[in-house]
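Colleague: One structure, pasted below without further comment.
The values are calculated or read from the model by the stated rules, or taken from the named source; none is laboratory data. Just so you know, these numbers come straight off a predicted model, no measurement behind them. All Cβ positions, even for glycine, are placed from backbone atoms using ideal geometry, and neighbour counts span all protein chains on display.
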Amino acid sequence: MELINNKYKLIEKIGEGSFGSIYKGENIRTNEFVAIKVEPIKNNTKLLKNESIIYQFLSSTHFELDKNKLGIPIVKWFGKDLNNYYMVINLLGVSLESILKKKGNFTLKLVLKIGIQIIKLLQIIHDKGLVHRDIKPDNFLLGINENCNQIYIIDFGFCKSILNGDEHIEIKKTNGFIGSITYASINAHILNELSRRDDLESLGYMLLYFLFGKLEWQKNIYYSKMDAIQELKENIIYDHSIPEIFLNYFKYVRSLNFKQSPDYEYLIKIFIEEIQKINN
């Protein structure tokens, strides 16, 4: 039996990505199940090393909290052998995408609760001077066991710092499209540098996807064209088939300038108030 770092054994492959593969594994000393991401050294990308640094950086100032409740995967070990880089993190559950595929869509109340958790997660990331830049349902997983209601954010391959020293970076054009076309912000479409507002805009599209099961630009092959998707996104604030809470959300997020820190508490507050209306 091949062991990684003399204590982790691979059990089965549970996923694959551009970086390499991810396996369910086990710590043979503690019998704890873990996730092990494997990236071939020959790829010469070092994505896994960068991702492990980001995870550790994000959880570093939250040592006083239960890190399992933080919503950021915990890096248990990072290292390499002659062939691969390895990153061992806590084993997580199913993605929000896979749950949505089974259910078809979520209730408004559930979508708002998901939104609140993810806004809090994004605030943690943004407060550390980072933007994720690839907000999509595949990148949010539920925890397991006692953390089964906690949403975790993963895949920081597109993550970037918005700070240059202590100063916010300046807006500029990017070399190409960043993120997932389905959920990317309008700024991503027009090749503007992305900032905190863009993670929140992408979250808005994701929440609508959860609510309706499909976004307008996923319904017709014509809408798969970049310019058509951009136009539909631009006009979303005039679509009165969308609950007013989300129209207000988009109007607020799009009112933010490039360097502006979003008012996360305000967004959480309007979502909570909407949940209370549903309950009454």
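Colleague: Look at GLU16 and say whether it is in a strand (DSSP E or B), in the same structural domain as LEU82 (by TED's automatic domain parsing) and at pLDDT 95 or above.
Modeller: Criteria not met by GLU16.
Residue-by-condition table, conditions (1) in the same structural domain as LYS269 (by TED's automatic domain parsing); (2) under 20 Å from SER59 (Cα atoms); (3) surrounded by 22 or more Cβ atoms within 10 Å (Cβ to Cβ):
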position	(1), (2), (3)
GLY129	yes, yes, no
ILE135	yes, yes, yes
ASN139	yes, yes, no
GLU146	yes, yes, no
GLY157	yes, yes, no
GLY179	yes, no, no
SER195	yes, no, yes
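Colleague: Taking SER98 as meeting all but one of (1) over 29 Å from TYR183 (Cα atoms); (2) in a helix (DSSP H, G or I); (3) hydroxyl-bearing (Ser, Thr, Tyr), write down the number of the exception.
Modeller: If we test SER98 against (1) over 29 Å from TYR183 (Cα atoms); (2) in a helix (DSSP H, G or I); (3) hydroxyl-bearing (Ser, Thr, Tyr), just (1) comes out false.
Colleague: Would you please list the contacts, defined by Cβ atoms under 8 Å and residues six or more apart or on different chains, that run from a residue in segment 105-131 that is over 22 Å from CYS159 (Cβ atoms) to a residue that is in a loop (DSSP other than H, G, I, E, B)?
Modeller: Listed by first residue and then by second, the contacts come to ASN105/GLY213; LEU108/PRO243.
Yes/no matrix, rows are residues, columns are (1) surrounded by 14 or more Cβ atoms within 10 Å (Cβ to Cβ); (2) under 28 Å from GLU167 (Cα atoms); (3) in contact with a Pro (Cβ under 7 Å, 6 or more places away or on another chain):
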position: VAL38; (1), (2), (3): yes, no, no
position: ASN43; (1), (2), (3): yes, no, no
position: LEU58; (1), (2), (3): yes, yes, no
position: ASN84; (1), (2), (3): yes, no, yes
position: LEU96; (1), (2), (3): yes, no, yes
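Colleague: Working carefully through the options LEU256, LEU203, LEU208, find the one that is more than 22 Å from PHE106 (Cβ to Cβ) and hydrophobic (A, V, I, L, M, F, W, C). Before you say what the answer is, go through the steps one by one.
Modeller: Details: LEU203 fails: more than 22 Å from PHE106 (Cβ to Cβ); LEU208 fails: more than 22 Å from PHE106 (Cβ to Cβ).
Only one candidate qualifies: LEU256.
Colleague: Answer yes if at least one residue in segment 10-25 is surrounded by fewer than 16 Cβ atoms within 10 Å (Cβ to Cβ) and among the acidic types (Asp, Glu), and no otherwise.
Modeller: yes
Colleague: Being surrounded by fewer than 13 Cβ atoms within 10 Å (Cβ to Cβ), among the β-branched types (Val, Ile, Thr) and assigned by TED's automatic domain parsing to the domain that holds LYS102 narrows it down to one of ILE236, ILE190, so name that one. Walk me through it before giving the result.
Modeller: Working: ILE236 fails: surrounded by fewer than 13 Cβ atoms within 10 Å (Cβ to Cβ).
Only one candidate passes the filter, namely ILE190.
Colleague: Still on this structure: Search segment 152-186 for residues being under 18 Å from the mean Cα position of the chain (by Cα) and polar (S, T, N, Q), and hand back the single one that is nearest to ILE22 (Cα to Cα).
Modeller: SER180
Colleague: I've got another one for you. Give segment 203-233 a look and list any residue that's of a type in the set (Lys, Arg), farther than 18 Å from ASP138 by Cβ and loosely packed, with under 15 Cβ neighbours inside 10 Å, or say none. Explain how you work it out, then say what you get.
Modeller: Filtering segment 203-233 down to residues of a type in the set (Lys, Arg) leaves 214, 219, 225, 233.
If we keep only those that are farther than 18 Å from ASP138 by Cβ too, we end up with 219, 225, 233.
Within segment 203-233, LYS219, LYS225 qualify.
Colleague: Another one. Go through segment 250-270 and count every residue that is part of a helix (DSSP H, G or I), touching a residue at least 60 places away in the same chain (Cβ under 8 Å) and either of a type in the set (D, E, K, R) or more than 18 Å from LEU194 (Cα to Cα) (or both).
Modeller: Residues meeting the conditions: 3.
Colleague: Please specify each residue of segment 1-33 satisfying the condition of being without any contact (Cβ under 8 Å) to a residue 24 or more places away in the chain, among the aliphatic types (A, V, I, L, M) and farther than 24 Å from ASN44 by Cα.
Modeller: MET1, ILE11
Colleague: May I pose another question? Being in contact (Cβ under 8 Å) with a residue 40 or more places away in the chain, in a helix (DSSP H, G or I) and of a type in the set (Gly, Ala, Ser) narrows it down to one of GLY157, GLY204, GLY179, so name that one. Talk me through it step by step, then tell me what you get.
Modeller: Working: GLY157 fails: in a helix (DSSP H, G or I); GLY179 fails: in a helix (DSSP H, G or I).
Among GLY157, GLY204, GLY179, only GLY204 is in contact (Cβ under 8 Å) with a residue 40 or more places away in the chain, in a helix (DSSP H, G or I) and of a type in the set (Gly, Ala, Ser).
Colleague: Tell me whether segment 223-233 contains one or more residues that are on the phi > 0 side of the Ramachandran plot and under 22 Å from the mean Cα position of the chain (by Cα). Reasoning before the result, please.
Modeller: Taking segment 223-233 as the starting set, the residues that turn out to be on the phi > 0 side of the Ramachandran plot are none.
No, every residue in segment 223-233 fails to be on the phi > 0 side of the Ramachandran plot and under 22 Å from the mean Cα position of the chain (by Cα).
Colleague: Identify the single condition in (1) surrounded by 19 or more Cβ atoms within 10 Å (Cβ to Cβ); (2) under 27 Å from VAL131 (Cβ atoms); (3) of a type outside the set (A, V, I, L, M) that LYS49 does not satisfy, given that it satisfies every other one.
Modeller: Unmet for LYS49, out of (1) surrounded by 19 or more Cβ atoms within 10 Å (Cβ to Cβ); (2) under 27 Å from VAL131 (Cβ atoms); (3) of a type outside the set (A, V, I, L, M): (1).
Colleague: If you don't mind, there's one more thing I want to ask. Can you name the condition, by its number, that THR174 falls short on among (1) in contact (Cβ under 8 Å) with a residue 24 or more places away in the chain; (2) surrounded by fewer than 22 Cβ atoms within 10 Å (Cβ to Cβ); (3) hydroxyl-bearing (Ser, Thr, Tyr)?
Modeller: Only one criterion is unmet by THR174, namely (1).
Colleague: Here is a follow-up. Return the residues of segment 162-176 that are of a type in the set (Lys, Arg) and not in a loop (DSSP other than H, G, I, E, B); say none if nothing qualifies. Full working, then the answer.
Modeller: Our first condition is that a residue be of a type in the set (Lys, Arg); within segment 162-176, this holds for 172-173.
Within segment 162-176, LYS173 is the sole residue that qualifies.
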